[in-house]
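Novice: Before I ask anything, here is the structure I am working with.
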Amino acid sequence: MAGTPSENNDRTAMTHYDHAQVQEFWQYVWEREDVYELSDDATDPTYVLGMFPYTSGTLHMGHVRNYAITDAYARYRRMQGDDVLHPMGWDAFGLPAENAAYERASDPNSWTQACIRRMREELETMGFGYDWSREITTCEPAYYRWNQWLFARLYEAGLVEYEAATVNWCPDCETVLADAQVTEREGERSEPSEETSAERVCWRCETPVGRRELDQWFFTITDYADQLHEGLDDLEGWPDGVREIQRNWIGRQEGTRIEFDLEDHGGVDVFSTRSDTIYGATYLAVSPGHDLTRTLAESDDAVAKYVDDVRERGPDEVGFSGIETDAVAVHPLTGEELPVYVAGYVLEDVGTGAVMGVPAHNERDHAFAREHDLPVERVIESEDGDADEPYTGEGTLVESGEYDGLETAEARQRLVDDHDALEEDVTYRLRDWLISRQRYWGTPIPIVHCDDCGPVLVPEDDLPVELPEFVRTTGNPLEEHETFRETTCPECGGPAERETDTMDTFVDSSWYFLRFLSPNLEDAPFDTERAEEWLPVDVYVGGDEHATLHLLYTRFFTRALADLGLLDRREPIRELRSQGTVLYDGEKMSSSKGNVVEPHEYGAETTRLFVLSAAHPEQDFEWTANDVRGAYELQQTLYEMATSFVEETDTRVRRRAHDEYVAREIDRTLAAATEEYERFRFHRAATEIQELTQLLRRYREFDRINETVYRRGLLTLAALIAPMAPHLGEELWNKLRGEGLVVDADWPTPESEVSDYRLERRLVETTLEDVRDIVETASIDDPERIELVVAEDWKYRTVESLRAGEESVVDRVLEGDVDAPDRETVGAFVGDVASRGEQSGIDRALDPEREREVLERAGWLITDEFDAEVGVRRATDDDDLGEKARPGKPAIRIDRDG
């Protein structure tokens, strides 16, 4: 009899999972028990880290996905018995905070601290299990003091330079940018037939970037170019794509350095990967920032004007413009005089900043030569190719004096061997790391400028150099702050000025993973002994857009600190996991596009479960309400099952075949889900959870449940889902009277052997599909009995022999199996298997008795689906039906009702 409306409502309320009601309680319990706090005495903990967030004010879905990945894995490792270090901190310096404070008539520190409070509250609401005792904030003097201390150590080691340089300048941000912070945006076409050109823009605000010449501070990361390049081969736990991005950015090239003498101007070195084309050089070109250009500009107004023009427009806008100078270069092999140009297409930070122009064999040189009416001399012969277009491939030398007839590769070696002006060399695309920023909200560079002593380090006892009170100005506030700027020289005691540039915020994040090891240490940036034991970071999760910024800088810092004796390890990260993007209507979620879904809109548990189950962590995925609903409904189903079971009284003790199947499937699910967690395939682990949930519901509806089997199934689901949906996992575990907290529980293990679980699953799935196909094809509306017949033993022996690649298979089967039929029958079966390709398609097969047992236990699934009696047996001699059975493919007979 149905209950009354009020009774039904009460029952619904009891079986409805209300995340809001339970999350606060379980978060309180976790905090009370200090479940996430790692002892300093821990031995080699598993270090799980997500790239810490910039303090923008609110969490976005990209944050949630990143931190859901690290949290799920950290929780899984904790349940596996590991000590786990899973910290959180704040990337708190930077231009956006300064701009936001300016717009709100506030100051960057107040704005940043308010953002941190909001974001921390949101992270806690999401149930992320961080060791908050290790929290760090990069804008606090206690942290950035060590930025300054490390700067000083690098300075003393010769890894810091202060020099005039032509740098990237963003007029909107009013600061310089490192090369890696300049991106390319496709330009517009005025005519459909015109090609688009790439425009260099700021990585933050997308304002077109210009060039300026300023005195700037650099970390000489180029000193480590070769190490950083070679070390990529050892990063086996990193995605190939990220390693390739870094490899290309470092840009190692083997080639030849060639010296050209210049009348009245000494010599100019060029770097070329194609020294075999040297006889085709018709001009020499240097970049607008080359030392020779600076010298020429001092006496040549036209050169000076051209350089100023290029600097204003930027290198990508000048195309193949250039200006001929009064300088003349002497070809090192022929003695021929070559004109010297200052050319916008030659970049000062590529190679040597000078090129020998070989128009016939280089596309850019060819375009420049056409623009300036320079000769084109072909010196590499090829069987094909347009004589009017540059040929850039390999071939045979012509018009090259004594080297005519040589193949290009041989010629390159001979030329180096024969001429002192040519020398084998290696160059890199990588440039030194520009760390100066003309902004307030960053780490003050600990330098004092003295007219007598030059740049002087601030003494260690005077660190940190703290930021003064914020001054509202359109330029650099520190320049306007006289009490900060004016000081005395630490060496001579005379009047001096503090450096008013602050450090690039990527300095903060290049070593923060070390500070998490000992965040309260007062006499050093990190505990070196602990770093040796706890590093490298076992798993690091974040976006691959930082491949040439944060990730490269972190590798540089680690190697530099190792050379300073502060670390023993030279690579900071063992395994890197790149996260994909959350899309909405095909576009990345963005506040500027108005397509952001806030995490609280669907609740913490649903959001976490969805972002983990939607796709592989490295893949982009689309946020859709229907798919989110699936995550919500899974929670409700699990909660209803656990709640109903607690009140269940009509259960069985004695186990039957279908109970054994469910018990076995619990083990199979455990084996599969564990593999998926180990490989970060949370979406597949979620699928395993969903399928076991459906099976247990079906089991409950099929017959009275066996209390032991069903309870173990529910406890297993509670444990498996806990890393992804921790509040739900804890609530289920508590209702089912699991021991202690699920967050501290041991990861469940199978009760039976599971090495063959894939074979067992495949056998059941293919058999069910075959039964369905027969019922549909034969239009059997109401089957009465379904009989499954397992193949004879000799067939398994035959398949095993074929799989092993044995010779004389028929003879081996006849000799080794007394029950095998005649040679003709065995031979026919061998031919049939071979024609089906099963000798390669069956990796392994269950033995016939095991196959029968699996099918017998799974028979209830067929009974449940078709309401038919199911029988399972082994094939016998003279068995017409058994003749059709093959290993892993039982014969099937279906009897109609009546």
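Values in this text are rule-based calculations from the coordinates and carry no lab data. Please read these numbers as outputs of a predicted model, since none were measured by experiment. Glycine also receives a Cβ, built like all others from the backbone with ideal geometry; neighbour counts cover every protein chain displayed.
Novice: Residue by residue through the stretch 150-160, what is 3J(HN,Hα) from phi via Karplus (6.51 cos²θ - 1.76 cosθ + 1.60, θ = phi - 60°)? Round to whole Hz and write x for glycine and proline.
Specialist: 5, 4, 5, 5, 5, 4, 5, 8, x, 9, 10
Novice: Pull up all non-local amide H partners of residue 200: gap of 5 or more, or a different chain, and H-to-H distance under 5 Å with H placed in the peptide plane.
Specialist: Long-range HN contacts for residue 200: 185, 209.
Novice: Assuming a viscosity of 1.567 mPa s and a temperature of 4 °C, what translational diffusion coefficient in µm² per second does Stokes-Einstein assign to the chain, Rh being the Kirkwood radius over Cα pairs?
Specialist: On the way: Rh = 33.3 Å.
Here the translational diffusion coefficient equals 39 µm²/s.
Novice: Antiparallel DSSP bridges in the chain: what percent, to the nearest 5?
Specialist: Of those bridges, close to 75 percent are antiparallel.
Novice: Continuing with the same structure: Once both axes come from the Cα atoms, what is the angle between helix 682-702 and the longest principal axis of the chain, in degrees from 0 to 90, rounded to 10?
Specialist: On a 0 to 90 degree scale, this one is about 20.
Novice: Per residue of the stretch 457-472, in order, report the coupling 6.51 cos²θ - 1.76 cosθ + 1.60 (Karplus, θ = phi - 60°) as ³J(HN,Hα) in whole Hz, putting x for Gly and Pro.
Specialist: Once rounded to whole Hz, the list reads 5, 5, x, 4, 5, 8, 7, x, 7, 8, 5, x, 4, 5, 10, 6.
Novice: Starting with the fewest neighbours, write out 632, 403, 76 ranked by other beta-carbon atoms found within 10 Å of each beta-carbon.
Specialist: Listing 632, 403, 76 from fewest to most nearby Cβ atoms yields 632, 403, 76.
Novice: Could you give the angle, 0 to 90 degrees to the nearest 10, between helix 604-613's Cα long axis and the longest principal axis of the Cα atoms of the chain?
Specialist: 90 degrees
Novice: Given N residues in the stretch 652-759, what is Rg(Cα) / (2.2 N^0.38 Å)?
Specialist: Its radius of gyration relative to the 2.2 N^0.38 Å reference: 1.03.
Novice: Tell me which residues come under 5 Å, amide H to amide H, from residue 92 once H is placed; ignore anything under 5 positions away on its chain.
Specialist: Excluding prolines and chain starts, which carry no amide H, the hits are 138, 139.
Novice: Still on this structure: Can you give the calculated 222 nm mean residue ellipticity of the chain, where each DSSP H run of n ≥ 4 adds -39,500 (n - 2.57) and the sum is split over every residue, rounded to the nearest 500 deg cm²/dmol?
Specialist: Helices in the chain give a 222 nm mean residue ellipticity of -12500 deg cm²/dmol.
Novice: Moving to a separate point now. Would you please give the residues with an amide H less than 5 Å from that of residue 300, counting only those at least 5 places away or on a separate chain, with H modeled from the backbone geometry?
Specialist: none
Novice: In terms of the ratio Rg/(2.2 N^0.38 Å) built on C-alpha atoms, what value belongs to the stretch 505-583?
Specialist: In units of the globular-protein estimate, the stretch 505-583 measures up at 1.13.
Novice: Principal axis extents for the stretch 595-646, Cα atoms only, whole Å, descending order, please.
Specialist: Here the spans come out as 41, 23, 16 Å, largest first.
Novice: Once the Cβ-Cβ distance between residue 273 and residue 834 is put in as r, and R0 is 56 Å, what FRET efficiency do you end up with, to the nearest 0.05?
Specialist: For R0 = 56 Å, the calculated efficiency reads 0.55.
Novice: OK, next. To make sure I understand, if each residue's beta carbon is the centre and we count other beta carbons within 10 Å, what order do 823, 700 fall in, fewest to most?
Specialist: 823, 700
Novice: Arrange the following residues from fewest to most other Cβ atoms within 10 Å of their Cβ: 521, 692.
Specialist: 521, 692
Novice: With an 8 Å cut-off on Cα pairs and a minimum separation of 6 or more residues, tell me the relative contact order of the chain in percent.
Specialist: The normalised contact order for the chain reaches 13 percent.
Novice: For the stretch 758-896, what class follows from the C-alpha gyration tensor (a ≥ b ≥ c being the square roots of its eigenvalues): rounded when a/c is under 1.5, otherwise prolate if a/b is larger than b/c, else oblate?
Specialist: Prolate is the answer for the stretch 758-896, as a/c is 1.5 or above and a/b outweighs b/c.
Novice: Can you run phi through the Karplus equation (6.51, -1.76, 1.60; θ = phi - 60°) for the stretch 223-228 and list ³J(HN,Hα) in whole Hz, with x for Gly and Pro?
Specialist: 4, 10, 4, 5, 5, 5
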